[in-house]
Amino acid sequence: MSEISAGDAVAAAASAAGWRRAGIAGAAIGVIAAGAAAGVAVERLTVGRGMRKRARLALDATGPYGSLRGLPGRATADDGTELYYEIDEVDPGSGKGTGGTPPGPRRRRLFGHKAPAPVTVVFSHGYCLSQDSWHFQRAALRGLVRTVHWDQRSHGRSERGRAQAQGAPLRFDQLGRDLKAVIDAAAPEGPLVLVGHSMGGMTIMEFADQYPALMRDRVAAVAFVGTSSGKLGEVSFGLPVAGVNAVRRVLPGVLKALGTQTELVERGRRATADLFAGLIKRYSFGSRDVDPAVARFAERLIESTPIDVVAEFYPAFTEHDKSKALPLFRDLPVLILAGDKDLVTPSSHSEAIADRLPDAELVIVPDAGHLVMLEHPETVTDRLADLLVRAGAVPESSEARG
């Protein structure tokens, strides 16, 4: 593993003023990807930049997060975009996950007849993340239930949205149709449990609104993690009202401009990596003792999202309003979970969803931020496992492994 010297860091910091400005803007916009905008821990100002860079490289080399892989596949969205997904099957003989091996003949047929299709849990990730953000839950559920993890368009291993590449604005109803394409390809039969974090939860709401018959016939349960049914334009991100209003006035124009200067902004964002990391930590987690490798994993996920993708997705959040679709979930087992210190989709948004779904289980996790499934994985996995038992997806005696 090569090391980056302190001299390299100093040289980067001494770049042209225009580049620095682009870098700071890129860092700020990149953090809006996690819902962000301000605050850097004081200790980051007192530790050598070269040392911090070497630490990040070491964490990247040793951290196992995001390393789980399954049987790969691709679904084609209605605009031609190729959506990447992976399937983790269940080995009925050993009780262990096959990591992608299709089920054998004994599972497919019973006395010459096709056996009922298994329950499939479909995980949808959030803005500027990827399917790997479910690392802990994926590891715990392997072998217990069939799962599908997919990358939303322009994220992870999925193709850049073709319609967006041609200039069409991104609308969340497109994400609902994308989820339908993934289900058609990866789980065309059998009951479904839909799990969504942040934008992934909004994707599920859009899916339900567009395909109510499929919801009624096949969806057995739903989990909403750190998400919202609307009014995201009112979120303050922990900033004073005046500051939030100022950001909202200039943000559309800034995003549009930065989206056309991808290379410049990405170079600047790398040059301001320390600022970027501090902001991500502030807006991703609620506790101070987060495992540094987990924090670095979150940073890696977010920083891998190109600035033009950040720019094209952001406006859709203020347009998102699916509160009228929530009654479609009323007769299902529903888990609604959020961190009590989430600055991106505050827990009040989860409480608003619960108000419309009085029979749902509402869990507010103490000392947790927006990436609650990474920060408190045991709590999220435990509640999710309970939901799967209630939905009949796994037997009550099964144990999700951390």
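Using the Karplus curve 6.51 cos²θ - 1.76 cosθ + 1.60 with θ = phi - 60°, what ³J(HN,Hα) values do you get for each residue of region 325-339, in whole Hz, with x for Gly and Pro?
Whole-Hz 3J(HN,Hα) from phi for region 325-339: 8, 4, x, 5, 9, 5, 9, 10, x, 10, 10, 10, 10, 8, x.
Quick query: amide H of residue 360 versus all other amide H atoms, modeled in the peptide plane; which residues come in under 5 Å with a sequence gap of 5 or more or a different chain?
When sequence neighbours closer than 5 places are left aside, there are no close amide H contacts.
Please report how far the C-alpha centroid of region 325-366 lies from that of region 161-208, rounded to the nearest whole angstrom.
Measuring centre to centre over Cα atoms gives 20 Å.
What accessible area per residue, rounded to a whole number of Å², is obtained for region 305-402 using a probe radius of 1.4 Å? Could you put the intermediate results ahead of the total?
Numbers: 4230 Å² over 98 residues.
Here the per-residue accessible area is 43 Å².
Which residues' amide hydrogens lie under 5 Å from the amide hydrogen of residue 193, considering only partners 5 or more residues apart or on another chain, with H built in the peptide plane?
So residue 193 has HN proximity to 120, 121, 122, 220.
Which entries in the list 180/231; 231/341; 281/324 go over 27 Å, if you measure between the two C-alpha atoms of each?
Long pairs (Cα-Cα over 27 Å): 281/324.
How large is ³J(HN,Hα) for each residue in region 357-372, as worked out from phi by the Karplus curve 6.51 cos²θ - 1.76 cosθ + 1.60 (θ = phi - 60°), to whole Hz, x for Gly and Pro?
Couplings: 10, x, 8, 6, 8, 9, 10, 9, 8, x, 6, 9, x, 5, 8, 4 Hz.
Report, to the nearest whole %, how much of the accessible area of region 323-402 belongs to carbon and sulfur atoms, 1.4 Å probe, protein only.
Numbers: 1710 of 3630 Å².
Summing carbon and sulfur atoms, their accessible area is 47 percent of the total for region 323-402.
The values are calculated or read from the model by the stated rules, or taken from the named source; none is laboratory data. All values derive from a computational prediction rather than experimental measurement. Accessible surface is based on the protein model in full, side chains and every heavy atom, while ligands, DNA and RNA are left aside. Shrake-Rupley method; radii C 1.70, N 1.55, O 1.52, S 1.80 Å.
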